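Here it is, the structure in full.
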DNA sequence: CTTAGCACTCCCGTTTCCTGAGTGCTAAAG
DNA sequence: CTTTAGCACTCAGGAAACGGGAGTGCTAAG
């Protein structure tokens, strides 16, 4: 059943009112918020209808209404005003993005903090690591017993390790090794590094001391851990200020869930490039998120890889503001990290609804 | 006034009882826990004495006693049994320490998680970075527009950065630059890198394109951020399970405090090498920690540098177990990272009391 | 110094009561 | 058929009242 214009207005008033106050919204409040020229009795009839249709619910018989997931979904898809960020807000985001220093780990942590500050919800970042491959291996000779492995991966991530050997090696050996590694390993992903390959590399370099396997071990380890996408959360404490998390148990469950990066990576079932995805309450796959909402924006991390930045909050969340801010941050990140220039309209707000199907 | 043996027994019973139950301990409970052969009335007299002396307090007139900070302090300094870790516990710690992979950042995060799991309190790690200096600079040529800076610092930390240039450079220029940087910058800390030095380096290398300043910028940035000791917290959510943090506001304040690494670094006013420091409630300098306790153990991070690993919990904390576990972990870390072999007795539990002076 | 006995205190969980916001329904009016 | 006024009804949640019980401090006797 299609909603009438008035019903939409009323639904919107309830959603926004509830977002503001966290209190059920009654017929009088709706009247005040909409400015509608009918009586409260009429509103009550409409509220009853919306409740019957599943957009609203009542905590108990004699209370006002609060939105259901279905109600929020309709709101997000159709009723929500696109929120333009004020100039000072965009300014601030830009400034902060500029000022954060290199190393993408630190960068992502900082961006997460920024998102937390901006939205006052816990923020998460996920550096989606398309399984990386080796681009180049360099060995820096320090002294007979130590050298540095410098490993360049696709996505322009550089990893390094300082190795101490229990025996002596030589600069020439390292040079040879580096050449052979570059010849044999370039373009390989972790699963294609076989013991045979390592053995043949060892022979080709004339390595009789087992340096090869040290280096290969580092490659494998690095490729493996870079596969397990780097996730990061900040601002969990902010949940505790919200009325819906006054119950420490509830808060504990969610924060605990968020603190395991495994769980976060599961969110990578990602939105399409360049837009914002909203997952409302029971739309979430994870039980622990079933009465929270997640807003995710994806950014271009360069080399065709994508990352996610998002926040977690109560279903009662200011979706329009949060979505706008995340979209803008994601756009900025894409500009910062992305290879080419972003596609047209990037950073603009284009909400892509989650499947309206609620997970059972 | 020196306490009698019986009083000490009673104090210990109260402290340990309260640690167990988080409930005020009454005279009967003391009797049961100590197995003393006197009557509850006698215990009551002693409790009154201990209260008069400031070791115990009463939440209200008709309740049992709980320890004051002074009471805990005496307990930690004199009454606490040294807790020996069981074989399975040490096994587990060793196994986990072995299995964690390289990169010290990740390592510390993992060790923190381990400490959280072991103690069920939030854990923090602080990699005390004695201000580092440059040991060596290498430049790896990739293509005319990009190269990698590999920077080796004291403490054998290796940092790197991939630089994209908006113009072309040459392999020979990079080689020259690397030589000049090594000649000019080795042994320098951040504050000794002056604009003049950079200028003269630029001239010496014959760099007309400004690559020098890019490299120098990275050096300065790296040295600076490595000074701001890397801190890390995990397991904050565990606080929410504790009865003393059922008030979300209290929990929020503490978690929030812990989430700022600035604050953590402040804890670096560190214990002496190789032992464990306990800061009880008001002994903490930070207001936010005034009704919590912090247990810190330091480890040898190699190159004469030290790091800290610790946990934060309610003053009612199982100090002996926590201290023993942290000491063992710290010992293991020292073995893993430390340059030489640890001093005799390392990893054993030697509690170094905080100043008994309570911060006013 | 110890201990039995006892009066006293006061927290805390339970119950009761009350108020007020908000509803749904009915019946009349548009 | 829709809107509106009127009204009885519901129910969450705060305030007040209550009682039990754990624990105390004190006194006086052993």
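The values are calculated or read from the model by the stated rules, or taken from the named source; none is laboratory data. Just so you know, these numbers come straight off a predicted model, no measurement behind them. We place every Cβ from the backbone using ideal geometry, glycine too, and count neighbours over all the protein chains shown.
Being at pLDDT 90 or above, surrounded by 20 or more Cβ atoms within 10 Å (Cβ to Cβ) and within 12 Å of chain B (Cβ to nearest Cβ) is the requirement here; does residue A:215 meet it?
no
Right, next: Which residues, taken from region A:4-29, are touching a residue at least 60 places away in the same chain (Cβ under 8 Å) and either buried (at least 19 other Cβ atoms within 10 Å of the Cβ) or part of a loop (DSSP other than H, G, I, E, B) (or both)?
A:11, A:12, A:15, A:18, A:19, A:22
When residues of region A:180-206 are filtered for being part of a loop (DSSP other than H, G, I, E, B) and surrounded by 14 or more Cβ atoms within 10 Å (Cβ to Cβ), how many remain?
3
Here's something else I'd like to know. Being surrounded by fewer than 18 Cβ atoms within 10 Å (Cβ to Cβ), in contact with a strand residue (DSSP E or B) (Cβ under 7 Å, 6 or more places away or on another chain) and either closer than 30 Å to residue B:11 by Cα or outside the structural domain of residue B:11 (by TED's automatic domain parsing) (or both): is that true of residue B:146 here?
yes
So, in region A:30-42, of the ones that are assigned to a helix (DSSP H, G or I) and either within 14 Å of another protein chain (Cβ to nearest Cβ) or closer than 13 Å to residue A:12 by Cβ (or both), which residue ends up farthest from DNA strand D (Cβ to nearest atom)?
A:33
Only one of (1) in contact with a strand residue (DSSP E or B) (Cβ under 7 Å, 6 or more places away or on another chain); (2) free of Cβ contacts under 8 Å to residues at least 24 places away in the same chain is not met by residue A:77, so which one is it?
Single failed check for residue A:77: (2).
Related question: Restricting to region B:61-72, name every residue that is within 19 Å of residue B:19 (Cα to Cα) and either out of contact with any helix residue (DSSP H, G or I) (no Cβ under 9 Å at 6 or more places or on another chain) or at pLDDT below 95 (or both).
B:63, B:64, B:70
Also: Filtering region B:229-278 down to residues that are away from every other protein chain (no Cβ under 11 Å) and in a loop (DSSP other than H, G, I, E, B), which residue is modelled with the highest pLDDT?
Only one residue tops the list, namely B:275.
Moving to a separate point now. If you check B:173, B:139, B:152, B:177, which single one turns out to be outside any strand (DSSP E or B), in contact with a strand residue (DSSP E or B) (Cβ under 8 Å, 6 or more places away or on another chain) and either within 14 Å of chain A (Cβ to nearest Cβ) or more than 19 Å from residue A:337 (Cβ to Cβ) (or both)?
Selected residue: B:177, the only one of B:173, B:139, B:152, B:177 that is outside any strand (DSSP E or B), in contact with a strand residue (DSSP E or B) (Cβ under 8 Å, 6 or more places away or on another chain) and either within 14 Å of chain A (Cβ to nearest Cβ) or more than 19 Å from residue A:337 (Cβ to Cβ) (or both).
Continuing with the same structure: Taking the stated definitions as given, is residue B:50 more than 14 Å from every other protein chain (Cβ to nearest Cβ) and either within 13 Å of DNA strand C (Cβ to nearest atom) or in contact (Cβ under 8 Å) with a residue 60 or more places away in the chain (or both)?
When the stated conditions are applied, residue B:50 does not pass them.
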